[in-house]
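First up is the structure itself, then whatever we jot down about it.
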Amino acid sequence: MDLTSLMKTMLSSDSIAQMSKKTGTSTDEVKSVLLSALPAMLSGVQGQANNQETVAGFAGALDSHAKDDTSDISAFLSNVDIKDGEKIVGHLLGGDKAATTKAAATKAGLSNAATGKILGAAAPLLMSLLGQQFTQAAQAQPQAQNVQLLGGGQQAAPSGIGLLAGLLGGGQQPSAPQQSAGANPLGSMVGSMFGNVDVNSLLAGFLGGK
């Protein structure tokens, strides 16, 4: 998995232009908002994946968004549901949503409402691209490991992040001493993707931030 490749797709000229068109803002304003707010959203991804109370629901959401067709980014963003995207932003940012939105709005010279629309357009694309990458990673796991994760079940398990969603939502939540990378495969995947990447520098490189 590669966060750089994911961000390259998400922040391509086509993506920025379509978000601009969808939200009635300029491309420079879109860039400013994303440069300001995406680090917090990516931090929210890590938090959702590593929190025992949210990981099952987050895995299910990723599994659902992984089915989206993002082969044509412009078409995807032209049809994106901003209201649904704003709900995603709320899940990722939690209590920090208002402060993050306000800071991004101030930096871009936009209203909070316009800034919220930009983030609402970006969030579904972020979830779809993440879901697709995590699905590919889950499918690459050896079948023997899948069986072990399922507790030695006899039936063949579906591959992909749907397997993780089923596992994590199966009501067998690990106790605190068991919460490790092995006990939470999604958390392990997120950690592998993010690694020691300097997100701010990565975004600045793509968006021309200073």
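Just so it is clear, none of the values below were taken in a lab; they were calculated from the coordinates. Predicted, not measured: the structure shown is a model, and the values here were computed from it. Cβ: placed from backbone, ideal geometry, glycine included. Neighbour counts: every protein chain shown.
Which lysines have a Cα less than 23 Å from the Cα of K21, not counting those fewer than 8 places away in the same chain?
Leaving aside lysines fewer than 8 places away in the same chain, those within reach of K21 are K8, K31, K83, K87, K102, K107, K117.
Just how far, in whole angstrom, is region 16-67 from region 72-135 if you go by their alpha carbon centroids?
5 Å
How much of the pair distance distribution for region 4-44 lies past 13 Å, counting alpha-carbon pairs only, in percent? Don't skip to the end; give the middle numbers.
Numbers: 449 of 820 pairs.
Counting pairs separated by more than 13 Å, the tail of P(r) holds 55 percent.
Return the sequence-ordered ³J(HN,Hα) values of region 199-206 in whole Hz as given by the Karplus equation 6.51 cos²θ - 1.76 cosθ + 1.60 applied to θ = phi - 60°, using x for Gly and Pro.
4, 4, 5, 5, 5, 4, x, 7
Taking θ as phi - 60°, what are the ³J(HN,Hα) couplings along region 41-49 by the Karplus curve (6.51, -1.76, 1.60), each to the nearest whole Hz, with x for Gly and Pro?
5, 5, 5, x, 4, 4, x, 5, 6
Beta carbons within 10 angstrom, averaged per residue: use that to sort the peptides 46-56, 187-197, 27-37, highest first.
Per-residue mean Cβ counts within 10 Å order the peptides as 27-37, 46-56, 187-197.
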